[in-house]
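S.K.: Take this structure, written in structure tokens, and hold onto it; I'll ask about it next.
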């Protein structure tokens, strides 16, 4: 495993306690996303964070509370990328706004691939962690997508498909980033290269607006 995460935070202007918490959270997010909750131990987190034993318990309590703190931090990173997008796109023509929002979601998924890794892992079976994620984040995100979908259908930007299918198509669009190791073996390329991210963002926008986008382009071509 690479050098500890805590060493990377030295000199960032934060106090020692805050740096320790940040290092523990970064280590926890990485380990929970790479190997899952059950396979991640307190000692592994502290070792990767480069901190003394028992500091995870001191700062966060038990493993369950630490996991929740990691999810809050992780979803905060995702939210910081997505929340401004709605204001940024409010004056865009409705059809293009939907495509803009889809592309920005895919780019956010590339920037924070740990979200999809954890959701894919936790979504496989029922349990307290999945219930906590649904109650605190997933349901709210689903409601947001439902509103985008409603607006997209009203403007004919989205084809006549069920909301739930649209939602899972979109949610799965980050798979090439959450499964970047597989992507590398299949293609020999880095999924996080700007060109790869842009290609995926545009492809998903085309797929999820395929019927209407094609119709608009055909109509434009007929009028040329």
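S.K.: Could you identify the single residue in 30, 77, 43, 19 that is at pLDDT below 95 and in a helix (DSSP H, G or I)?
M.R.: Result of the check over 30, 77, 43, 19: 19.
S.K.: Given 194, 198, which one is assigned by TED's automatic domain parsing to the domain that holds residue 138, surrounded by fewer than 13 Cβ atoms within 10 Å (Cβ to Cβ) and within 18 Å of the chain's Cα centre (by Cα)?
M.R.: 194 is the lone residue from the list that is assigned by TED's automatic domain parsing to the domain that holds residue 138, surrounded by fewer than 13 Cβ atoms within 10 Å (Cβ to Cβ) and within 18 Å of the chain's Cα centre (by Cα).
S.K.: Next up: Say we look at region 136-145 and pick out the residues that are over 24 Å from residue 67 (Cα atoms) and out of contact with any helix residue (DSSP H, G or I) (no Cβ under 6 Å at 6 or more places or on another chain); which of these is surrounded by the most Cβ atoms within 10 Å (Cβ to Cβ)?
M.R.: 144
S.K.: Tell me, please, whether a residue that is in contact with a helix residue (DSSP H, G or I) (Cβ under 9 Å, 6 or more places away or on another chain), outside any helix (DSSP H, G or I), free of Cβ contacts under 8 Å to residues at least 60 places away in the same chain and closer than 26 Å to residue 207 by Cβ can be found in region 98-119.
M.R.: Looking for residues that are in contact with a helix residue (DSSP H, G or I) (Cβ under 9 Å, 6 or more places away or on another chain), outside any helix (DSSP H, G or I), free of Cβ contacts under 8 Å to residues at least 60 places away in the same chain and closer than 26 Å to residue 207 by Cβ, one finds at least one in region 98-119, hence yes.
S.K.: Which one of the conditions (1) touching a helix residue (DSSP H, G or I) at 6+ places or on another chain (Cβ under 7 Å); (2) surrounded by fewer than 18 Cβ atoms within 10 Å (Cβ to Cβ); (3) over 20 Å from residue 118 (Cβ atoms) does residue 165 fail to meet, given that it meets all the rest?
M.R.: (1)
S.K.: Name the one entry in 152, 174 that is under 21 Å from residue 199 (Cα atoms) and in the same structural domain as residue 201 (by TED's automatic domain parsing).
M.R.: 174
So that you can scan it fast, the table gives a plain yes or no per residue for (1) at pLDDT below 95; (2) outside the structural domain of residue 205 (by TED's automatic domain parsing); (3) more than 21 Å from residue 72 (Cβ to Cβ):
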position: 96; (1), (2), (3): yes, no, yes
position: 105; (1), (2), (3): no, no, no
position: 113; (1), (2), (3): no, no, no
position: 135; (1), (2), (3): no, no, no
position: 162; (1), (2), (3): no, no, yes
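The values are calculated or read from the model by the stated rules, or taken from the named source; none is laboratory data. Nothing here was measured: the structure is a model prediction, and the numbers come from that model. Backbone-built Cβ (ideal geometry, glycine too); neighbour counts: all protein chains shown.
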